[in-house]
Structure formats: C-alpha cells, structure tokens
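**Student:** Have a look at the structure that comes next, please.
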2 protein chains.
Amino acid sequence: MPKSSILVSSDHNTFTSCPLNHSDVHCSMVNNVQRVDDNWRTCTKSDSSGKRNSGGESSKESSRSSTPVLAADRTERLRDKMRRRTESGDHWFSLEFFPPRTASGAVNLVSRFDRMGSGGPLFIDITWHPAGDPGSDKETSSMMIASTAVNYCGLESILHLTCCNQTKETITGYLSKAKHLGLKNIMALRGDPVGADWEEEEGGFNYATDLVKHIRCEFDDYFDICVAGYPTGHPEAESYDEDLRHLKEKVDAGADFIITQLFFRTDTFLKFVRDCRAIGITCPILPGIFPIQGYQSLKQLVKLSKLEVPEEIMQVIEPIKDNDAAIRNYGIEQTVGMCRVLLESGNVLGLHFYTLNREVATMEVLRQLGLWIEDPRRPLPWAVSAHPKRKVEDVRPIFWASRPKSYIYRTQDWDDFPNGRWGNSSSPAFGELNDYYLFYLKSKSSKDALLKMWGEELTSEQSVYEVFTSYIKAQPNCAGHKVMCLPWNDEPLAPETNLMMDKLDKVNRRGVLTINSQPTINGMPSDDPIVGWGPPGGYVFQKAYLEFFTSSENVTVLLKVLKKYEPRVNYHIVNVHGQNTTNAHDMQPNAVTWGIFPGREIVQPTVVDPVSFMYWKDEAFALWIEQWAKLYEDESPSRMIIKYIHDNYFLVNLVDNDFPLDNCLWQVIDNMFELLDNPPEEQPTEQPAEQPAEESPVEDQPTK
Amino acid sequence: MPKSSILVSSDHNTFTSCPLNHSDVHCSMVNNVQRVDDNWRTCTKSDSSGKRNSGGESSKESSRSSTPVLAADRTERLRDKMRRRTESGDHWFSLEFFPPRTASGAVNLVSRFDRMGSGGPLFIDITWHPAGDPGSDKETSSMMIASTAVNYCGLESILHLTCCNQTKETITGYLSKAKHLGLKNIMALRGDPVGADWEEEEGGFNYATDLVKHIRCEFDDYFDICVAGYPTGHPEAESYDEDLRHLKEKVDAGADFIITQLFFRTDTFLKFVRDCRAIGITCPILPGIFPIQGYQSLKQLVKLSKLEVPEEIMQVIEPIKDNDAAIRNYGIEQTVGMCRVLLESGNVLGLHFYTLNREVATMEVLRQLGLWIEDPRRPLPWAVSAHPKRKVEDVRPIFWASRPKSYIYRTQDWDDFPNGRWGNSSSPAFGELNDYYLFYLKSKSSKDALLKMWGEELTSEQSVYEVFTSYIKAQPNCAGHKVMCLPWNDEPLAPETNLMMDKLDKVNRRGVLTINSQPTINGMPSDDPIVGWGPPGGYVFQKAYLEFFTSSENVTVLLKVLKKYEPRVNYHIVNVHGQNTTNAHDMQPNAVTWGIFPGREIVQPTVVDPVSFMYWKDEAFALWIEQWAKLYEDESPSRMIIKYIHDNYFLVNLVDNDFPLDNCLWQVIDNMFELLDNPPEEQPTEQPAEQPAEESPVEDQPTK
C-alpha cells in the first residue's frame, strides 16, 4: 500500500506551472554543458534557438491582451486548484448547502454564501432537489442558487445532478444550462429512485457511472466531475467490495475526485481510503464531515442515509436531546476531534462539511482547526465573479463599488470583459434597469425595517440629509433606529471609508449626499488589512474619489470652485435628464486604483469611465425612487421630497489626480461651502467676481 | 479681405475634441433648464437618457483595448496637428531635406534627422529626385529616406512626388508603396519636364492638379496632400494671376495646405497670401524659408528656381563671397529678420525651412527665433515610430532600450502592436537576424574608428572589460581613444544611466559587462528633465533593471546569492545556446517602467518579457561576433577572445521589484563578488555552505 497522500493527482493532469529545479540547472552551468533541461523546456516553451512560431501570425491573436495578470486562483479549474493545494501541503475545506424553499430563504442563503465565502472555502456545492424543480429559473432552484454562488458571490461551486428516471435529453439540457450559467463542476449522482420498485432500464441512467460517461461524452472535458463514495458501502450495494468496484467504475468513467458520505468514526474513512487505493482508485477522496447540530436533524439525516449512529455518540446525545446548545457544543467538539485525527493522519488535506445551511457550528469547527482564514488580501479591490467568461476580468468602473452584484448582473451578457485596460468604452451595452430588481439584488431589509431607518415620514430635504449622516456615523437616527444601509449601499461603511468618517459626516449634513468615496493611497503594501489587495509583496495606490448627490444651487457654486483645481481634479456632473458637465475633454477613462506587484504587469482594477457613468447615473437616480420614494404613499409629502431630489439634484463625481499629495477633494467641498456662505457681491461688469484670498491648491508640493 | 490668420482650417475638418463651454452649461444649470447643449453632445456622444448602442454588440470590439492613452500628437494626422497648433496660436517650423547620393551619406542624414528632430519640427519633407531612382528600395532613394524618417526616427514626414512624364500605373505604384511603408503625406508636384520640348499629354499628368486628383481618386482621404505655391508666380505660368488660378485648382482638387517657393522679401509672401485669400484659397500657406548658407549654393538654387536675388542682398554678399562663415552669418541674420517680420505680421504661424541637408544655420535661426525647443518630455520612455500601424503602440520589452531602430525593424511585420499591456507574449514573431544589418542599423563608426575604440589587439578577457569601463566613464582607453559606443549601445550613456556611473564602472572592471540598466524611480514628476516622459502633471516610476554578460563562473555564484533575494529580485539568465534559468515561474511580463497621469489609464511602456528575451539574446550574442569579432582576422587571438566570450558567457537580467526601497541590485552583485573572493570551504554533506553573516535584504523597510 503506498504511503502517499490520499489526494493524488487525477488523470486529467494539465499542470503547466514551472517548478524550476535550481540545483539541476546549476550543475549544468558549472560544467558549461549545453543541456536542455526538461524544466527549462516547460518554462520557455521554446527550443534552444529561442525561436518559436516564427512562421506563424505575429501578434494578431487577441490572447495577447488576455493574459491573466493576477493569481492562478482565478483561472484554474477546481481539480487543478485542488492539486496545487495538495502539492503545497495546505489544509483546506469545502461547504455543502441545499437550496432554500422560499425567496426570502434564498436572499438569506446568498448572504450566508458571502459570509461563509470570506473564510476561504475551496468550493461550495449545492444539492439537487428533484422535487423542487431543480433545473428551473425559479430563484430557489438548485440551478439558480449554484449560479448565484458562482456569478455573484464569486465562489467556486459544484452543482449536484441526479440522473435516475431522467431522459438523456433532460440531463443534457440541464448540463447545457449549467454551462451557460458559468457552472464548471458537477457532482454526478444516481439519486433516489421514485418508488420502491425501481428496476434497471436498458440504455437509461441506472447508475452514477452512466451519468459520468454521459457528461464526458456530451461535454468532453468541460466539467470537473465529482462522485460520491460510501465509506460503509452504499446501502443498496450487494457488498462493500461490490460498492468499491462501482466507485472504481465511476472514476474510470471520468470522475475527477470523490466526496464521501458522512461517517462517525475516522477509522471508517481511513480504511475506506486504503481500500480505494488498493483497487487502483488514485484520485482525491474528500471526507464528508457532519457536525452534529441538533437531535432532529441528526435523526433525519441518519434515516435518509441509512447510517447507524455509533453507540458511544448516542449515549452522549440521548440525555441532552432537548438541549440544542448542548448538542451543538458536543457536535463541535466531536467534529473537531475527528477532523484533527484525519488531518494528523497525513492522508487528508481537505475536509468537506455538510453545513445543513447553518453557519455557526461549521465556522466554529473551522476556527478551532485553524482553517477559517479571513485573508484581508483580496484578488482585486472589488468582489469578483467566478464565471469562466469573467476569469480575465480585472477592470471595472468605480461607480458600482458598493453594488458589485448589480454590475455583474448588468454586464452578464458581455462577450468578453476588460482586461488590463478599460479602453474605449463607447461600446459597452449595460443591461436595462427594467428587469433588474431580481431577488438577489433586492435589499436584505424589509419595508418596515427600511422605513424605520430612512424615516416613517420625511419633512424636508434636511431630514434626508440626516438619514445619510446617521448611516455615515453608524448611529441611531432621530427615531432611535440605526441606519445600516442606504439605497446605494446595502452594507455598512467599508473600513477604508471609515477613515474619512468625520469629513463625510460634515459634508452630508450640508446636503453633499455621498454615496461612494475612496481616500488617497500612495504605495501601501498589498497585504494591508484595510486597503490591500492582490498578491503579496506588491504596493497599492489610489486616487481620491468622491461621488455624491447635491442640489443644483450647490453645483453652480461648485463649478466656480472647480476652475481653481484644474487640471488636478477631474469631474463629471450630471442630472437625471442627462445634462452633463465635465472637464475630461477627451473622455478617456481615469485609473483610480492600481497595484504594482513582483514580476507582473501593472493592474488597474478601478477606473472612472465617463461613458459608463451615464449608465450608472440611471441606476443611481432610479434607486431614489425604486428603493426610497416607493416606501411612501403616492402623493405623500415624504414621497414628494424624494421625488424632488431625484428630479432636481445632480450626481457629481470628483477625482484628485495628484495621489502623492494630500487629498484635496475635501478642500474643494469646503471652498464650495465658503462661497455659499459668503457669496461675492454682484458685479455690474462681465468680469467674474474675485474671491477672497484663499490657499491655492496648485501650490501644494508632493509630500514625499 | 478677412483679417483672420493665414492658416485657416481646411475643408477636411474632422476636429472632434471637446471645447466645453463652462458658462453655457453653467447658465442652464442655474436655471435648472433641461437643455441639451451642443458641446455636451460632442462630449458624451449620448442622448439625454445616457443610452447608446444599447441594441448593439457589447464589448466584442477589439477597439476597447486600443484607445490611445497618450497625447493626441501621436495619433492625429498632419493637417489636424497643423490646425491644432494654429488654433492654439503656437509658432512652429518644418524642415526640408533631399535624398543623399551615397550609403554613408544616408547614414549621416538619418543621424541628422535624429538631431534635428529633437528640436520639435512639426514635420520634415523629402524631395523627389527623378534621376535617383526615387521610388526604389535603394538606401538612398527618396522613398526609403522618407520611410526611415517615419519608421525609425518617428518624424512626421512628407514625401515629394512628381508626376511629369509618368504613367498612372507608375504613380499609383509609388503611392501604394508609400502607404505600405507608413507614409501619410504627399507633396504633389508636376516636376521638371525631361527635355525642353515638353507638351501636354491627353489624359496624362500635365499639372500637379492632375496628381492631386489622382491621389484623391485612388486613395480617397488617406494622404494629406501639400502643393507648391509660387509667391512670384511659376516661371512657366503666363502670368501671376494665371498661376494663382492654377494654385486654386490644386487646392480645390483636394490639397490640404501650401508650401511656397523660397522668396527674399517678406512683402512678396504677404502679398501672395492676400492674393490667395482674395480668390478663395483658405487652406494654410507656409512660407518657404531659405537661409543663405554659401555663395555657390545660393547661385545654384537661384538658377534652378529661376528667381532673382534682390540687389540689396547681392550687394552684401558679393564682397564676402569667398568667406563661407561670413556669408552664413549674414544668412542667419537676414533670415531671422525676415522670419520675425512674418511671425509678427500675425499671419504666419509656421515656417518651412529649406535646410540643404545642413543643420547649423537652420538650427541657429530657429534658436534665435525661440522656435527650437528641446522638450525633455518624451511621449514615452523609448523612441516612438510614426508609422500609422504603430500609433497605439505603448509597450515594449526593455531589452531593445538602446537599439530602438532594431526593435522597430524586427517587429515591422507585426499586424498590430501591444497597447496598454504586453500580455501573452508567446506569439510574437521577431524578424530574423539574417537580413538585419541594414544601412540604418549599421554602426555609425568606421571599422578603423571601431578598432581604435575597442582595441586593435585584444590580449585577454580583461582587455574586453577595459573597453566597457572606458565606455562607461566616457574616458580614453589605454591607446588614448575615447570609447563612444559599444556593439549594444550606439550612443554614449544616457543621462539617466550616468547617475549610476560609479557603480557601473566598478562592476564592469570585474567582468560584469553591463549593456542596459535603469535606476529605481519612485514617483518623479513626468516633466523631470532626466527621467520624465508623457503628458505634464503625471508621475513616473521604474523598477531597477540591470542587464549584463558575465562568465559562467560568476553565474554559478550569482545564483547562490539570488536565492537570498527571492521574491524581491526576478532574474533571467541565458547563454548563447539558449540554456535558461529564471525564477519567473509563470513566465509573465514584468512592468519595469510606468506612469500615472491626470485623467488617464495607467501607462506601462516598458516590460521585462521572458519570451522576447530569448529573441533579444540571439541579437545580443550575435553583436559580439558581427560587430566586434569580425573586426579581427579569422583565427586571430583577438577574434578568439571575443568568440570565447560569445560561446561561454551568460546574458543576465535582474529586476528589483521593490521600487519604493533603495535599489538592491548593486548589493546583489557585491554579494556575488564577496562570495567569489571568499568561497566557502567545500562541505562533505549535502547541506549548502553557510555564508558569512550579511545584511538580509528582506529586512529593508520602505523608505517612504
């Protein structure tokens, strides 16, 4: 029996990274031997003359501009990620969820994906509920939940699929739809037959093996395929050995790895793995971990899986079966103990958790095991999507910074995504707003909760300003309710924005209603917990950005002030009718976030793009009405106040180009307030009024 | 008569920049009027709803990635540049040259283009010599000289073309060839008929007008067309008025602007312009300025152009006709005076100089007029090409930094050029080296001069090292000759490199033969006279780079040292046989020069690209043999020494990724020398020898 890791590379090995062996190359150099090293070949993909493709087309391939600049993590397929983690000896985990029954359950589950995704699972998987219309477009279907996890939560996801009693056409249809939605991984299962008198069907799907073969036949190598393993044998199998042979057939048919059914003793799993290896199953085998979370759920699961709970566990549980907390604590303790044994065996690197759609127990287990790692380093400053079409995407307009799911939704029909440079943005077609209020884009708060936060009754524009300041300060409003979100910001302020809280508070009080901002960053380490992103060892930068709604009176004065800040400050000012003023004469995108990393081209993930801004303003203005005004009765004063702001205010964005200097945008707003407070006297001549002596912003010197 | 500038926009007006009228927009805002401003339309190319192309293809167009990031200067056509300069009220100049007779004359003329190009001419033009096989591939032909000016010197250029006695097929052939070579501007001339008994030919090219019509007919609007004006009337014209009517015909046929024949009195030109305007010629009219540079050349030119030299000039010149310096000084003084009058008239913005292929007089006139402006700001850190195919090019590998003409030559067949990002470079097909030693890529020095600089006789590798150090220090070698160039560097050290002279000197003495390097730059202003480039108001950055040849013994030790500098330092080490060692595991390009500019995406013009490096190493190693070894007799000791280096040394490049810290590459080399001087004793175990205590480079902290 081999002593190697349980997780062994699968046959679908397409590993192409470059593990250069220094000592090898080194020796050949010392002796000046002309020797073509195999490793070197892998590296350069070139013969010793350095020529390649010399007869081919030169640089026409669009591939030139689509090299992923960032971590392989975003572009590798699951089985490759798994192998890379295995080879590096990392421990990792994955999480299983089932689809919810109701739309509000779906909204909650998506929030859970975001929270549990932050701990760094290698993947999540979504079970297939044949009775729940699993392949439909319903917001609760297995298909749509898995799609949401991939596209909007950026999670590597496996969709379960059962084939029992299904036609090939139906299965192919599901797989085609999954592929179209960006799903790349399938857990191929037979599923429970409907009725007890199930019999094999000639040419039909009788076993999971048939489904694996079908997927490989119809979709070649597109999907990574996972199959189920039964550490104590499948309940319907004639014998444990017979079941192992079935598992071998599934793997031989093209499965990439195995996730086991839950088990209660580590020996069960470790023996199973040994037996698998003994009959030639070499692919990764992930133990299915089931933290006991309650008496009823344990009973139910055991019934479904036809497993027996060991006596030593039942003896502990029975006496505390009505004490949920006690059972959960026991479950956590028992699971941590099992996982430790598995990991310490040296044969297990990844743990697969049956979460039962709950987070507390699993997160606690993972924390105790040291596997829950909230890495402050994000691959990019914004929330990425895991759709394969978007794997090279690394530039987005800043406007959707607080609404990444909305941006992903509105750009889902794009054929390709900006990579390296935003470029000429005259062509982007953003999705219309009319079909836009999907369940996963809805506010997580109820109408009642929103009314409490944003005011049961608005009496003036000023009362709107107060909602903004309450949100900024994370303090209760005058009715005593904390304002946790705004129509443009579904989450509390980002830590980065917190750095500017006092200044934001001050300007919002006076009707500069900020919805998006970022401070100046001049070369912070890429692993900074607040502003860092990208691979380690790099430096990140930002130009200060400020975006807000404000009245036309303020804009009139602001434009006078902005003349003094040319060309340091770029601005775009637009109202709901599209009346637009800008000093970006050539209408080029302005990079406002970028990073410099070892051995990489520059990454500039966030731009202020003048053309996209016109699409964003439609959304930004619509949110006043759709999310806020519609909370109130038609024709009610509250609704009229929001409507007035929607109709008359301008949306302004400002960029301070001089990132090595102190952010001047607060000074711009201060100057505007000063001019509003001390308006110059009307002059009879054409000469614009002189302003009182003020510090000239252009006399600042770099602080470095 | 209109009092407007002589330079009036032509009919081919395609101006699309965005002169936003603040006060207009402003008013409409104050009054909250919903008004679609024409200026605004120009800016946003959007209707008031902000929607555009909503039904069209989304982002498939490759145009997304080809927006020019930098100044319009690189992408505008000549007539647009001219109009932009005119509208901004700038004064500018242009320069006329004729093709040389000999190949060495061509090499000299190309150097002159580089020198005179640095003063900022709006364009140069190359005359057409019907007797000199002007459309051929000969290195002295009008066609090839103009092509060289555009492609290799990056100069906006006009090719003259005469049509007299030519078939339409021949002319179309010339124009097609010019277009293929990247020429965009034609000076359309009739030319002197061969023989005195010339007669009009039915359907042939009888006048320049016919050529203008032919160009517009066959090439639509591709070329900008210039035609000649005769301030005193064409010598063959029936009358001055008749000649003006011919000029009007040429313009009406599609010419974009006029350059006049030389004249000796400003009144002649100013009257001519008034007369042109009076009959409806509205295009720009550039005065042809002829600085008198010698008695003979004046006589000859006057004879050719059938002009009379005014009495007041002859009276000055005749007495000093044998004193070249005196005549030239008089010519400069007289020309400066004339130009001042023209410029002060307010009717002349651009001056066109007949240089006679000399530089002193014209440069002196331009300096006295304040028009010779050596702007330290370059559009990009490297020498750009003016070929229209390359107008969006803004990324190149650093390896060709000292050989931009070679890079342009070896990539001339590419269909498009990297823009914004180098990307996946596995596809570039670099031109072969075998057809590479073209006249304009040859060393400017003779074999004798090279032998004096690089040694009549080499006695050891050490004597090669001394050549490098003499070059670095710009000091005489042991034979007393200054070393002004090396095979890899045709020019003296760049000012930027001068900053590192002492360190370069030190390492070259010990056989680290540097051929390319740049210091760390952390956010210098873009208008810095030494390291600046790009538009004003930006900041430029560099990662330190060092490239050198060194012995395999040194490389062996260097690799040990480099392990201590991972991942801070990236390296590529290769010998002539292609044996390659690198720690760039994923073989991505590494951006080593970049700039951040107001209202722009990031520009990263220089990368270290692992794949291109393999093409560069072929060139870098070949230069040892082609330029140096071949100076010596076959089998001679000198030649064998160079051959030995070629066969056995390695080409090394190093990048220090930590640009905010002090450059560590010198420390790397120092460590290598220390380890060479104090080799660790051989250890019997497999454990590599411990090095003496040294400062760990990774403990450096950012200096900001």
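Bear in mind these aren't lab numbers, they're just calculated from the coordinates by the rules spelled out. Because the structure is predicted, anything quoted here is derived from the model rather than measured. Don't worry about glycine lacking a Cβ; one is built from the backbone with ideal geometry, like all the others, and counts go over all protein chains shown.
**Student:** Tell me, what HN-Hα J-couplings in whole Hz come from the Karplus equation 6.51 cos²θ - 1.76 cosθ + 1.60 at θ = phi - 60° for each residue of segment B:305-313, using x for Gly and Pro?
**Tutor:** Computed from phi, the couplings for segment B:305-313 are 8, 6, 9, 9, 7, x, 4, 4, 7 Hz.
**Student:** If only Cα atoms are counted, what is the Rg of segment A:250-339, and what is its Dmax, in Å?
**Tutor:** Every Cα atom of segment A:250-339 included, Rg and Dmax give 15.3, 47 Å.
**Student:** While we're here: Taking 0.36 nm per residue of separation and subtracting the Cα-Cα distance, what length does fully extending A:T170 through A:H577 add?
**Tutor:** Details: separation 407, 0.36 × 407 = 146.52 nm, distance 4.80 nm.
That works out to 141.7 nm of additional length.
**Student:** Related question: Which loop trypsin sites (Lys or Arg not before Pro) in segment A:205-271, with loop taken from DSSP, have no more than 16 other Cβ atoms within 10 angstrom of their Cβ? Please list the in-between numbers first.
**Tutor:** Values: sites: A:K213, A:R216, A:R245, A:K248, A:K250, A:R265, A:K271; in loops: A:R265.
Sites meeting the loop and neighbour criteria: A:R265.
**Student:** Another question about this same structure. So how far apart, in nm, are the two label points at A:K447 and B:D252 if each is 7 Å from Cα heading toward Cβ?
**Tutor:** 7.5
**Student:** Please report the net charge: other residues with Cβ closer than 13 Å to the Cβ of B:S297, K and R +1, D and E -1. It would help to have the intermediate numbers written out before the result.
**Tutor:** Working: positive: B:K299, B:K303, B:K321, B:R328, B:R358; negative: B:D324.
Computed value for this residue: +4.
**Student:** May I ask you to evaluate 6.51 cos²θ - 1.76 cosθ + 1.60, the Karplus curve with θ = phi - 60°, for each residue of segment B:264-281 and list the ³J(HN,Hα) values in order in whole Hz, giving x for glycine and proline?
**Tutor:** 10, 10, 4, 4, 3, 5, 5, 5, 4, 4, 4, 5, 4, 4, 4, 9, x, 7
**Student:** Eight or more residues apart or on different chains, and alpha-carbon atoms under 29 Å: count the Lys pairs in segment B:311-458 matching that.
**Tutor:** Here the count comes out as 12.
**Student:** Any idea what the dipole of segment A:537-640 comes to, in debye rounded to 20, about its Cα centre with Lys/Arg Cβ at +1 and Asp/Glu Cβ at -1?
**Tutor:** Details: 9 positive and 12 negative charges, 117 e Å.
Roughly 560 debye, rounded to the nearest 20.
**Student:** Related question: For segment B:300-453, what size does the Cα cloud have along each of its three principal axes, sorted from largest down, in whole Å?
**Tutor:** 69, 47, 31
**Student:** Mind giving me the nanometre distance, one decimal, between the label points for A:Q300 and B:I320, set 7 Å out from Cα along Cα→Cβ?
**Tutor:** So the two model labels end up 10.8 nm from each other.
**Student:** Using a label point 7 angstrom from Cα along Cα-to-C-beta, what distances in nm, from shortest up, separate B:D413 from the other copies?
**Tutor:** B:D413 label point versus its equivalents elsewhere: 4.3 nm.
**Student:** So what's the net charge close to A:N516: Lys and Arg +1, Asp and Glu -1, counting the other residues with Cβ under 10 Å from its Cβ?
**Tutor:** Every neighbour counted, the sum reads 0.
**Student:** For B:M640 and A:D647, what does the FRET efficiency come to when R0 = 56 Å and r is the distance between their Cβ atoms, rounded to the nearest 0.05? Let's see the in-between values first.
**Tutor:** On the way: r = 87 Å, r/R0 = 1.55.
Given R0 = 56 Å and the Cβ-Cβ separation, E is 0.05.
**Student:** Okay, moving on. What net charge do the residues around A:R403 carry, taking every other residue with its C-beta under 9 Å from that of A:R403, with Lys and Arg at +1 and Asp and Glu at -1? Don't jump to the answer; show the numbers that get you there.
**Tutor:** On the way: positive: A:K405; negative: A:D490, A:E619.
With Lys, Arg at +1 and Asp, Glu at -1, the neighbours total -1.
**Student:** On to the next question. Taking beta carbons within 10 Å but only from partner chains, what does the mean come to for residues A:573-579? Mind dumping the intermediate values first?
**Tutor:** Numbers: counts 2, 4, 4, 4, 8, 10, 11.
Other-chain Cβ atoms within 10 Å of each residue's Cβ, averaged: 6.
**Student:** Between the label point of B:G204 and that of the same position in each other copy, find the distances and list them shortest first in nm, with every label point placed 7 Å from Cα along the Cα-to-C-beta direction.
**Tutor:** Taking the point 7 Å beyond Cα along Cα→Cβ, the inter-copy spacings are 9.1 nm.
**Student:** Could you pull out which residues in segment A:226-258 have an amide N less than 11 Å from a spot 7 Å beyond the Cα of A:C217, following the Cα-Cβ vector?
**Tutor:** none
**Student:** For A:G350, which sequence-distant residues (separation of 5 or more, or a different chain) have an amide H within less than 5 Å of its own amide H, given hydrogens modelled in the peptide plane?
**Tutor:** Distant-sequence amide H within range of A:G350: A:W92.
**Student:** Here's something else I'd like to know. Just subtract the alpha-carbon distance of A:D528 and A:H585 from 0.36 nm times their residue separation and send over the number in nm, one decimal. If you can, show how the numbers build up before the last one.
**Tutor:** Numbers: separation 57, 0.36 × 57 = 20.52 nm, distance 3.52 nm.
Additional length available on full extension: 17.0 nm.
**Student:** Related question: In terms of the Cα gyration tensor, with a ≥ b ≥ c the square roots of its eigenvalues, is segment A:81-369 rounded because a/c is under 1.5, prolate because a/b exceeds b/c, or oblate?
**Tutor:** Since a/c stays below 1.5, the shape of segment A:81-369 is classed as rounded.
**Student:** Same structure again: If each Cα of segment A:485-562 is one equal point scatterer, what is log10 of I(q)/I(0) from the Debye formula at q = 0.20, 0.21, 0.22, 0.26 Å⁻¹?
**Tutor:** The computed values of log10 I(q)/I(0) come out as -0.96, -1.01, -1.06, -1.25.
**Student:** Shifting gears a bit: Where the label is 7 Å out from Cα toward Cβ, how close does A:R115 come to the same position in every other copy, in nm, shortest first?
**Tutor:** 7.6
**Student:** Can you compute the charge dipole magnitude of segment B:81-369 about its Cα centre, using +1 on each Lys and Arg Cβ and -1 on each Asp and Glu Cβ, nothing else charged? Give it in debye, rounded to the nearest 20.
**Tutor:** On the way: 30 positive and 41 negative charges, 196 e Å.
Using Cβ point charges on Lys, Arg, Asp and Glu, segment B:81-369 gives about 940 debye.
**Student:** Taking H placed 1.01 Å from N in the peptide plane, check which residues at least 5 places from B:R600 or on another chain put their amide H under 5 Å from its amide H.
**Tutor:** Result for B:R600 returns A:A591.
**Student:** What is the dipole size for segment A:396-677, taken about its Cα centre, with +1 at each Lys and Arg Cβ and -1 at each Asp and Glu Cβ, in debye to the nearest 20?
**Tutor:** Dipole about the Cα centre, nearest 20: 280 debye.
**Student:** Using modelled amide H (1.01 Å from N, peptide plane; none on Pro or chain starts), what sits under 5 Å from the amide H of B:M524, excluding residues fewer than 5 places away?
**Tutor:** Result for B:M524 returns B:V540.
**Student:** Using 7 Å Cα-to-Cβ label points, what is the B:E236/A:E374 separation (nm, one decimal)?
**Tutor:** Result: 8.7 nm between the two label points.
**Student:** Let me know the shape class of segment B:347-425, please: from the alpha-carbon gyration tensor, a ≥ b ≥ c as square roots of the eigenvalues, rounded when a/c is under 1.5, otherwise prolate if a/b is greater than b/c, or oblate. Could you put the intermediate results ahead of the total?
**Tutor:** Values: a/c = 2.50, a/b = 2.40, b/c = 1.04.
Cα axes put segment B:347-425 in the prolate bin.
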